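> Quick one: the structure is below, and I'll ask about it shortly.
Read-outs throughout are calculated quantities, based only on the coordinates presented, and are distinct from any laboratory measurement. Keep in mind that this is a model prediction, so the values were computed, not measured. No Cβ is skipped: glycine too gets one built from the backbone with ideal geometry, and neighbour counts run over all protein chains shown.
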Amino acid sequence: MTKFFLAFAFVMVLPFSAMAQNRVALLVGNTVYNNPELTLRNPTNDVEDLTVALEALGFDVVTAIDQDRAGFMTALDQFELAAQQAEMAVFFFAGHGVQVDGENYFIGRDFDQLDNSSLQNSAMSMGEVTEVFNRAKPDIGIMILDACRNNPFVESGQVVKGLARSRGGAGLLIAYATDPGNVAYDGAGENSIFTKAIINHIATEGLDARIMFGRVRQQVILESRGQQIPWVEEAVLGEHYFAGQAGIVVASSEYARELQAWRQISAQSEIQPFQDYLDDFPQGVFSQFAIDRIRMISQARAAGAPSGQSSVEILKPESAERVEAALGVLGFLPVTRDLSDANLAALAAAFDLYRTQLPNPDEATADRLFEDAARITIFLAATTAQQLRTDIISLSSIDRTLKVANDAYRQIEQIAQTNDAAIPLLETARNDITAIEANLAQVMDRLDESRLYYQQLIDRAQDHFPNRIDTSLMDSTGQQAGLSRLEQRLANDAALFISHVQNSTPQTRGTYAWLIDFLPDN
């Protein structure tokens, strides 16, 4: 009870409106409820530890602990004042949440009966929070909801598990602890598994907020072994950083640099970008693709215009967007083209180039184009999956090594308090930790690039040729599409990618749920 009054007094004595209005946060955590069955372990810890992390990043933070609806709304009103035109405004809730008739409610400490009257009197709705962001219009609003803990109302079947999916307005990012309809773990340690992941990554310099939450999702999926999959909904323009500013150059691993370069040129229609890639990465992961693209483009340019049915006639019945995507995958349209330019004449000119590199240009069809684009997408995904699997295993190993090194450092530190001979060992141990952390940063950097690219390949395949992503393509030599026969070591990952595309739904899109399939065995 004391903690409740202290938190409430803090909100009242130090109103948001009196604080700097640049980077602001309201952190709400309900651990203690009047109904003892609802008591949780970690929301207060989550709020306190996230407060420390955000204040270190320059945020003005107010916390509201163990509040009822009146306390929620007082803090929310003051948050709205502070969030007006703020650079970044963050709302965080840890505690019990329920969905009723498609609306999400964050439960106040005095909530005890699941009926409409009790909800209105004791809970704050997600819609009320969203409206605050809509009115305040910060550059970016971030709502973090660690509010899917299980509770007796769920267990009794009175409400559906978890929170309902909800989209915010422009400039709003909503991060859920788990996917819609599922339950998040309160955590056996000092923090929930979701909040712990946020604290681990939020201070990493130079990470756009969306990339940061990608790392959070990755950590939660790996740590829970797929039992909890965080969810993000966002309609955010531009880049926004918790730590560091736009334009900061972060040291990047060789593979991350390579994948960035490949993603930039992969849908180019000129030879020079691929030659530049080969000059920079002669033994790169995608070097064979670059060689094949140069051969394809050169062969197409050297050949004359195809005879037979015109490309305009072939493409006329097809979706211009779908044709453009397939030609882009194969390198016959530059990735920088404006979608408004996807007119039939422009697509037909690019399709002419595609036709001329086929053994028999007169056999070209739209179906063949989509099949070739699907095939190369599968191969690109399988190649990327190899790196994903390697780095996820490395990440697990480095995490264990770092924990051992930190434990050893603490032990040496204790010994050094009474034994001066141990003092020189502290510097050695600290240097070891620094080296391990640098290695970890490189692996995380690679995983960011691989994770984003693999998801991009899933989305592209699902959006434009889902029916073409099939195991029948795996045994094709595909020389006409610039592919060699899939090596046996890639076959399993090719099949895995196919299953990821086939199982992709609007509900799972962007969750990285497919990371479950790359988990190490132990």
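> Tell me, what does the Kirkwood hydrodynamic radius of region 251-522 come to in angstroms if you use every pair of distinct C-alpha atoms? Display every interim value, and only then the final one.
Details: mean 1/r = 0.0479 Å⁻¹.
With all distinct Cα pairs of region 251-522 included, I get 20.9 Å.
> Here is a further query. Would you tally the net charge around residue 75, using a Cβ to Cβ cut-off of less than 14 Å, leaving residue 75 out, and scoring K and R as +1, D and E as -1?
Numbers: positive: 69, 109; negative: 60, 66, 68, 77, 80, 128.
That works out to -4.
> A further question on this structure: Excluding residues on the same chain fewer than 8 positions from residue 316, give the aspartates and glutamates whose Cα lies under 20 Å from its Cα.
324, 338, 341, 352, 362, 363, 367, 371, 372, 463
> Short version: ³J(HN,Hα) in whole Hz for each residue of region 132-141, in order, from phi by Karplus 6.51 cos²θ - 1.76 cosθ + 1.60 (θ = phi - 60°), x for Gly and Pro, what are they?
For region 132-141, the Karplus curve yields 4, 5, 4, 7, 6, 6, x, 4, 9, x Hz.
> Using the per-residue mean of other Cβ atoms lying within 10 Å as a proxy for protection, in what order, highest first, do the peptides 460-473, 269-282 fall? Write down the numbers at each step before the final one.
Numbers: 460-473: 17.6, 269-282: 15.9.
The densest-packed peptide leads the list: 460-473, 269-282.
> Considering Cα pairs under 8 angstrom that are at least six residues apart, work out the relative contact order of region 251-522 and quote it in whole percent.
Details: 294 pairs, mean separation 62.8, N = 272.
Computed over region 251-522, the figure is 23 percent.
> Among 45-52, 437-444, how do they line up from the highest to the lowest mean number of other beta-carbon atoms within 10 Å?
Details: 45-52: 20.4, 437-444: 16.8.
In decreasing order of mean packing, 45-52, 437-444 become 45-52, 437-444.
> Could you compute the FRET efficiency for residue 39 and residue 430, with r as their C-beta to C-beta distance and R0 at 35 Å, rounded to 0.05? Please report the intermediate quantities before stating the final value.
Working: r = 40 Å, r/R0 = 1.16.
Calculated transfer efficiency: 0.30.
> Moving to a separate point now. Work out how much length residue 55 to residue 299 would gain on full extension: take 0.36 nm times their residue separation and subtract the Cα-Cα distance, in nm to one decimal.
On the way: separation 244, 0.36 × 244 = 87.84 nm, distance 5.90 nm.
Separation in residues times 0.36 nm, less the Cα-Cα distance, equals 81.9 nm.
> Please list 26-34, 286-294, 191-199 highest first by mean number of surrounding beta-carbon atoms within 10 Å per residue.
Values: 26-34: 23.3, 286-294: 20.3, 191-199: 25.0.
Packing proxy ranking, top to bottom: 191-199, 26-34, 286-294.
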